[in-house]
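For reference, the structure discussed in these notes is given below.
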């Protein structure tokens, strides 16, 4: 039982202050997760909002079993998959334009590194890319990744190993 | 540069910060989604039972408890008097009569149609009341029979014949009246129960009849009463849609 248990109890009783606490706690993580799946930042923000709306719609039937964060990631993953099926692939040049406002590093080297990694990530299968995003970018533990993807720990480790190998090979080639 | 470093640097570049207005908008929409789903949600069975428990007037259970206390006191005072023991049947009838008001409540308040259009059907409301009264009365009666048997040494056979059998028959009359084709008032049910009580008194006070009824006969009669009670309960639940104040085509009866 952690702090989320009490927070969710308060939320289920309709305490609006606890809604605010909950959203602020997880909004940034979910938003960043969505941006890794969909480079258009506005869509990523819409998906993030939808994640929380879906969670709250089903809150009365939600039974606390472990980390709520993992459940949010599961909703986000499903939504991102659905959105991507509907949209056409965005060209690499447009990613740069979309991310311009929030770019932290604007040196030529930084841009090249970013594009290199992005190209390498694009070359991975969806399953391997997902593990990389959750492990390196969302900084989740392997057991948490297993929870979200509904796979066992050995498979998580295998996919991570495979993903790292393929990324290294890809980056060397590029 | 190692892969991990490259990925960490990439993460720093790609990371975005949420805008305050987006967070507030998300909180607002999340709240709306939650309250909208709560409005559409039907109560779970446990919540419904709990609500019915809060609605049922507890005075009847208090009166039943007082009745059992008084009966226990009378039995304690007149331990050897067999006629006092045999009069337990009168108290049993009164015990059951005390549940009549709650089961007739929706008729006496003319609330049948209102209850029928609620999320939970009339059948479920009756079932909930039966369950609540069943649980409470079983508990009270178990407590009473246990204490009387233990402290006063009254044999279970005596309790079965003098108390539980008339109680069962009275309950049959009650629920039989409730599920009758004709809409009968509470007073009719109470009147029939009192009539039965009178018949029962005549039987037990008549030594000639009473002593000739052996234990197997009592057990058979008790079993018959129990089967009739369950049949009456089933008919109440099955025939709920027939208990309208007006007929289904809108023409008042």
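Where a number appears in this text, it was derived from the coordinates with a stated rule and is not lab data. Just so it is clear, the model here is predicted, and its values are computed rather than measured. Positions of Cβ are backbone-derived with ideal geometry, glycine not excepted, and every protein chain shown enters the neighbour counts.
The residue of segment A:53-73 that is surrounded by the fewest Cβ atoms within 10 Å (Cβ to Cβ), among those that are within 11 Å of chain B (Cβ to nearest Cβ) and farther than 24 Å from residue A:131 by Cβ, is A:61. Residues that are within 14 Å of chain B (Cβ to nearest Cβ) and more than 13 Å from the chain's Cα centre (by Cα) were ranked within segment A:124-159; the one that is nearest to residue A:66 (Cα to Cα) is A:128. The set of residues in segment A:13-35 that are more than 7 Å from chain B (Cβ to nearest Cβ) and either touching a residue at least 24 places away in the same chain (Cβ under 8 Å) or part of a helix (DSSP H, G or I) (or both) comprises A:17, A:18, A:21, A:22, A:25, A:26, A:29, A:30, A:33, A:34.
You will find that of B:50, B:61, the residue that is touching a residue at least 24 places away in the same chain (Cβ under 8 Å), under 25 Å from the mean Cα position of the chain (by Cα) and within 30 Å of residue B:95 (Cα to Cα) is B:61 and no other. With respect to the conditions (1) in contact with a helix residue (DSSP H, G or I) (Cβ under 7 Å, 6 or more places away or on another chain); (2) farther than 21 Å from residue A:33 by Cα; (3) away from chain B (no Cβ under 12 Å), residue A:166 falls short on a single one, namely (3).
Out of all the residues in segment B:1-11, is one or more surrounded by fewer than 17 Cβ atoms within 10 Å (Cβ to Cβ) and within 21 Å of residue A:38 (Cα to Cα)? Within segment B:1-11 (the criterion being surrounded by fewer than 17 Cβ atoms within 10 Å (Cβ to Cβ) and within 21 Å of residue A:38 (Cα to Cα)), the answer is yes, since at least one residue qualifies.
Across segment B:19-28, what is the number of residues that are facing chain A (nearest Cβ under 7 Å) and not in a helix (DSSP H, G or I)? Summing the residues that are facing chain A (nearest Cβ under 7 Å) and not in a helix (DSSP H, G or I) in segment B:19-28 gives 0.
The requirement of being within 14 Å of chain A (Cβ to nearest Cβ), farther than 27 Å from residue B:177 by Cβ and exposed (fewer than 12 other Cβ atoms within 10 Å of the Cβ) is fulfilled somewhere in segment B:47-70, by at least one residue.
Give the residues of segment B:2-18 that are out of contact with any helix residue (DSSP H, G or I) (no Cβ under 8 Å at 6 or more places or on another chain) and more than 7 Å from chain A (Cβ to nearest Cβ), sorted by residue number.
B:2, B:5 - these are the residues of segment B:2-18 that are out of contact with any helix residue (DSSP H, G or I) (no Cβ under 8 Å at 6 or more places or on another chain) and more than 7 Å from chain A (Cβ to nearest Cβ).
Does segment B:31-43 contain at least one residue that is touching a residue at least 24 places away in the same chain (Cβ under 8 Å) and touching a helix residue (DSSP H, G or I) at 6+ places or on another chain (Cβ under 9 Å)? Yes, some residue in segment B:31-43 is touching a residue at least 24 places away in the same chain (Cβ under 8 Å) and touching a helix residue (DSSP H, G or I) at 6+ places or on another chain (Cβ under 9 Å). Scanning segment A:127-146 for residues that are without any contact (Cβ under 8 Å) to a residue 24 or more places away in the chain and either part of a helix (DSSP H, G or I) or farther than 15 Å from residue A:161 by Cα (or both) yields A:136, A:139, A:142, A:143, A:145, A:146.
Here is a check on your reading of the model: is residue B:89 within 29 Å of residue B:200 (Cα to Cα) and part of a helix (DSSP H, G or I)? So residue B:89 passes the test.
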